[in-house]
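Below: one structure, written as structure tokens.
No lab work stands behind these numbers, since they all come straight from the coordinates. Keep in mind that this is a model prediction, so the values were computed, not measured. Glycine also receives a Cβ, built like all others from the backbone with ideal geometry; neighbour counts cover every protein chain displayed.
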Amino acid sequence: MRLLGVSDIHGNVEAVRKLREHEGNTFDAVVVAGDIGGEAAAEIMGLLASFACPVLYVYGNWDRRLPYDADFGPSCHHLHLRPVECGGWTFAGISGIPRSWGLNPIAAELLGAGRETEREVLLQNKLALAAAIGKSTADLRRTVVVAHDRLFGIDRDFPGLALHLFGHRHGFKFTTRKDTTFVNVSALDDPAKGDRYTIIQIEGDRMAAKSLKLI
């Protein structure tokens, strides 16, 4: 399994065009860990879909006005509380982050009623994600959870989870805790640190990731 991981695009269509020029159709999936970029989202997703593989995505704080039922084409799959099988692996995720949940349905219900805190909204989203994965045929040892920001405690909440991909923090990091590998997939739009993306390689139980800079 070979994954192209991107995050924090921030509507930078030109960066996505450069990424498309740099990389060929050699991926099993493109994973977008949020902050696609509002009004430019459709154009960006169209460019990513040209990699001729599934595009699996969640929303971030930049996507707060994007509807959760937006249709970006048949190869693009919103992972919010929705397991999607790809190449023998299951991908699922959570869209939105505390303080900027956007149109997240659970946040709309709880915060709109004034009953809960943003922390409780995050907890309820994680519980709903666990329920969605539990109803599927997914094996956590072959499951990838995607979120815009790192979900702390995910190794406890999803024991045995293979991989957690996230962004938001504008940097690359590859770490393992217990059974779970964590990858911050870098920011594709970051003038300060450089525009970067990540390639993740999975071979059996072994995982590797590298961050590459757009030139």
>> Are there strands (runs of 3 or more DSSP E) fully within the range 1-106 with at least 3 residues that are of a type in the set (Val, Ile, Thr) and closer than 27 Å to ALA130 by Cα? List them.
In response: 29-33
>> Being of a type in the set (Phe, Trp, Tyr), more than 15 Å from GLY93 (Cα to Cα) and surrounded by fewer than 23 Cβ atoms within 10 Å (Cβ to Cβ) is true for just one of PHE152, PHE172. Which residue is that?
In response: PHE172
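Every residue, every condition in (1) under 19 Å from LEU188 (Cβ atoms); (2) of a type in the set (Phe, Trp, Tyr); (3) surrounded by fewer than 20 Cβ atoms within 10 Å (Cβ to Cβ); (4) in contact with a Phe, Trp or Tyr (Cβ under 7 Å, 6 or more places away or on another chain), yes or no:
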position: ILE9; (1), (2), (3), (4): yes, no, no, no
position: VAL16; (1), (2), (3), (4): yes, no, no, no
position: GLU23; (1), (2), (3), (4): yes, no, yes, no
position: GLY38; (1), (2), (3), (4): yes, no, yes, yes
position: TYR57; (1), (2), (3), (4): yes, yes, no, no
position: PRO67; (1), (2), (3), (4): no, no, yes, no
position: ASN104; (1), (2), (3), (4): no, no, no, no
position: ALA107; (1), (2), (3), (4): no, no, no, yes
> Out of (1) farther than 28 Å from ALA52 by Cβ; (2) not in a strand (DSSP E or B), the odd one out for ILE133 is which?
Replying inline: (1)
> So, in the range 69-99, of the ones that are out of contact with any His (no Cβ under 9 Å at 6 or more places or on another chain) and within 19 Å of GLU39 (Cα to Cα), which residue ends up surrounded by the fewest Cβ atoms within 10 Å (Cβ to Cβ)?
Replying inline: ASP71
> What pairs can you find where one residue is in the range 36-48 and in contact (Cβ under 8 Å) with a residue 24 or more places away in the chain and on the phi > 0 side of the Ramachandran plot, the other is of a type in the set (Lys, Arg) and outside any helix (DSSP H, G or I), and their Cβ atoms are less than 8 Å apart, with a gap of 6+ or different chains?
Replying inline: GLY38/ARG65
>> It is to be established whether one or more residues within the range 147-162 are within 17 Å of ALA33 (Cβ to Cβ), over 16 Å from the mean Cα position of the chain (by Cα) and assigned to a loop (DSSP other than H, G, I, E, B).
In response: yes
>> If I ask for residues that are closer than 23 Å to LYS173 by Cβ and acidic (Asp, Glu), which ones from the range 1-60 would you list?
In response: ASP8, GLU23, ASP28, ASP35
> Applying the selection to the range 111-134, what residues are of a type in the set (A, V, I, L, M, F, W, C) and surrounded by fewer than 19 Cβ atoms within 10 Å (Cβ to Cβ)?
Replying inline: LEU111, ALA113, LEU123, LEU127, ALA128, ALA130, ALA131, ALA132
